[in-house]
Amino acid sequence: MNDEDASAARFEEHRAHLGAVAYRMLGSLTEADDAVQETWLKFVRADTSEVRNLGGWLTTVAGRVCLDLLRTRAARREQPLDDGYDTFVPDPVIRPLAHTDPEQEVLRADSVGLALLVVLETLEPAERLAFVLHDMFGVPFDDIAPIVDRGTAATRQLASRARRRVQGATPSAEPDRARQRKVVEAFMAAARAGDFEALLAVLDPDVVLRADSGTTVRGAAASKLVRGAEAVARQALLFRRFASHDRLVLVNGEVGVLNAPDGVPRAVLGFTVADDTIVALHILADPERLAALEVSPDAD
């Protein structure tokens, strides 16, 4: 094995981990792939012969790349908290319902629910980096501080502020997939039947529906943010005409629904279930972003 092959092999050992870091940082599968590729380029250009912890070194490099991307994104967004931003749904990771791989679960991007990724989108770039690297991957604050150009104490404060926002806004999800499935199936059955009362029975009174259809659909804005069980139930009744193409899948590790007539994704529904009710529903129906998603043949 020559030096180039050896370097590639060393990097590949960490690729899945770096992809998980980048996805949590960016909420975009395409951008996460780009960040990992940029990390690879920086790796091959650097002298890492004295690096004792290559995984830690690559994680901080990937974090810096992601931070730059987040800052560029924030600079382009003129009104970061307008209605359009509120309806943004991160890229979902879709897997067959039977997909289980306990040994890899800690590294998989789909172990992070869409509800958490939505909250991460509201953080400032430096806050997001400090929280993701420290709280999700255990990177010491001493290593994060140089990335955000702050001292260790200030970096710790960044993560603390982010943690408070995440804990205050992220619903506590049901971890049992069997119970998730029961609730999601009840919701879909009620929607198909047009049973308004049955829909209310599986919706939390304060449920939030976030639908991201992209900029426009047929020339009209379609993205929306809907709050409250009755309002969400009325929206769910509109699902009836698409019901024949619905399939249960895993969406970011939680039971969700893929609507894919003729194998072409038209919508992905991610559910957050708690106490046997749906507390959040995230729908991605942006044609451009759906076209770029990787969908397993077993999931359509």
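The values are calculated or read from the model by the stated rules, or taken from the named source; none is laboratory data. Only a predicted model underlies this, so the values are computations on that prediction, with no experimental measurement involved. FYI the Cβ positions are ideal-geometry reconstructions off the backbone, even for glycines, and counts take in every protein chain you see. Ligands, DNA and RNA are stripped out before the accessible areas are found, and what is left, the full protein with its side chains, is counted by its heavy atoms. Shrake-Rupley method; radii C 1.70, N 1.55, O 1.52, S 1.80 Å.
Having 2 or more residues that are open to solvent by 20 Å² or more (accessible area, probe 1.4 Å) is the bar; report the strands (runs of 3 or more DSSP E) wholly within region 191-278 that clear it.
Result: 203-212, 224-227, 246-251.
With respect to the numbered conditions (1) in contact with a helix residue (DSSP H, G or I) (Cβ under 8 Å, 6 or more places away or on another chain); (2) not in a loop (DSSP other than H, G, I, E, B), which one is the sole condition not fulfilled by Glu174?
(2)
Specify the residue that is nearest to the chain's Cα centre (by Cα); the eligible residues are those in region 32-70 that are part of a helix (DSSP H, G or I) and among the charged types (D, E, K, R).
That would be Asp33.
Looking at region 228-273 only, could you name the residues that are touching a residue at least 24 places away in the same chain (Cβ under 8 Å) and of a type in the set (S, T, N, Q)?
Once the filter is applied, which keeps residues that are touching a residue at least 24 places away in the same chain (Cβ under 8 Å) and of a type in the set (S, T, N, Q), region 228-273 yields Gln235, Asn252, Thr272.
Among the residues that make up region 228-237, is at least one of them more than 22 Å from Asp86 (Cβ to Cβ) and touching a helix residue (DSSP H, G or I) at 6+ places or on another chain (Cβ under 7 Å)?
Among the residues of region 228-237, at least one is more than 22 Å from Asp86 (Cβ to Cβ) and touching a helix residue (DSSP H, G or I) at 6+ places or on another chain (Cβ under 7 Å), which makes the answer yes.
Kindly indicate whether any position in region 218-239 is among the aromatic types (Phe, Trp, Tyr) and more than 24 Å from the chain's Cα centre (by Cα).
The answer is no, given that none of the residues of region 218-239 is among the aromatic types (Phe, Trp, Tyr) and more than 24 Å from the chain's Cα centre (by Cα).
Going by the structure shown, is Ala20 open to solvent by less than 20 Å² (accessible area, probe 1.4 Å), on the phi < 0 side of the Ramachandran plot and small (Gly, Ala, Ser)?
When the stated conditions are applied, Ala20 passes them.
For a quick check of your reading of the model, give me the residue pairs whose first member lies in region 126-137 and is open to solvent by 20 Å² or more (accessible area, probe 1.4 Å), whose second is among the hydroxyl-bearing types (Ser, Thr, Tyr) and assigned to a helix (DSSP H, G or I), with beta-carbon atoms closer than 9 Å and at least 6 apart or on different chains.
Correct list of pairs: His134/Thr155; Phe137/Thr59.
To keep it simple, each residue is scored yes or no on (1) at pLDDT below 90; (2) out of contact with any helix residue (DSSP H, G or I) (no Cβ under 9 Å at 6 or more places or on another chain); (3) within 20 Å of Asn252 (Cβ to Cβ); (4) open to solvent by 20 Å² or more (accessible area, probe 1.4 Å).
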| site | (1), (2), (3), (4) |
| --- | --- |
| Thr39 | no, no, no, no |
| Lys42 | no, no, no, yes |
| Val65 | no, no, no, no |
| Pro92 | no, no, yes, no |
